[in-house]
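Some notes on the structure that comes next.
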Amino acid sequence: MKRIIIALLCIFSTLFVTGLILQGNPWLLLMVLLGGIIGIPMGLSYPFPVITKVVMILGLIVSLISIYFGFKNHNKVIGQIIAVVGILGWFFVGLMGLGTGT
């Protein structure tokens, strides 16, 4: 469990530092966090074509399943990797939804 949190903190701190270096503000980290929180409902409520909505919903389902199995098997390295990939997948789908309103 500690390795999952450490990996996510490393990824988020890398986004924070990269945003500070490239733009002078932590905008990259804020975009990822906003995507994971409010980007999901924005993307699901936006009038995308049906195939895009299906892909987003399938991405969310796969992400939730991988988060579940990753945390269930958090003692194994593969479980930790699956959990981190699932969380990053959730944020990626959220970024797609966040792009509808910005």
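Once you treat every alpha carbon in the range 1-54 as an equal point and sum by Debye, what is log10 I(q)/I(0) at q = 0.13, 0.31 Å⁻¹?
Each listed q corresponds, in turn, to -0.48, -1.06.
In straight Cα distance, which lysines are under 18 Å from Lys2, not counting same-chain residues fewer than 8 positions off?
Result set, ordered by chain and number: Lys72, Lys76.
Using the heavy atoms of the protein chains alone and a 1.4 angstrom probe, what is the accessible area of the chain per residue in square angstrom?
63
Once neighbouring chains are kept in place and the probe is 1.4 Å, which whole percent of the accessible area of the chain is contributed by carbon and sulfur?
Numbers: 5100 of 6430 Å².
C and S atoms contribute 79 percent here.
Relative contact order, percent, of the chain when contacts are C-alpha pairs under 8 Å separated by at least 6 residues? Kindly include the intermediate steps, with their values, before the conclusion.
Details: 129 pairs, mean separation 37.3, N = 102.
Once divided by the residue count of the chain, the mean separation gives 37 percent.
Any chance you could get the radius of gyration and Dmax over the Cα atoms of the chain, in Å?
Radius of gyration, then largest Cα-Cα span, for the chain: 14.7, 41 Å.
Choose one answer from Leu44, Leu22, Leu30: the residue with the largest mean-square fluctuation in a GNM of the chain with alpha-carbon springs under 10 Å.
Greatest mean-square fluctuation among the candidates belongs to Leu22.
I'd like the Karplus ³J(HN,Hα) series for the range 38-50: coefficients 6.51, -1.76, 1.60, θ = phi - 60°, whole numbers in Hz, and an x wherever there's a Gly or Pro.
Using θ = phi - 60°, the values come out as 9, x, 5, x, 5, x, 6, 8, 6, x, 6, x, 4 Hz.
How large is the helix-only mean residue ellipticity at 222 nm for the chain, computed as the sum of -39500 (n - 2.57) over DSSP H runs with n ≥ 4, divided by its residue count, in deg cm²/dmol to the nearest 500?
Details: 5 runs with 81 residues, N = 102.
Mean residue ellipticity at 222 nm (helix-derived): -26500 deg cm²/dmol.
How much accessible surface area, in Å² rounded to 10, belongs to the heavy atoms of Thr52 with a 1.4 Å probe?
My reading of the accessible area for Thr52 is about 40 Å².
The values are calculated or read from the model by the stated rules, or taken from the named source; none is laboratory data. The model shown is predicted, which means the values in this text are computed figures rather than measured ones. Protein only, heavy atoms only, side chains kept; ligands, DNA and RNA dropped before computing areas. Shrake-Rupley method; radii C 1.70, N 1.55, O 1.52, S 1.80 Å.
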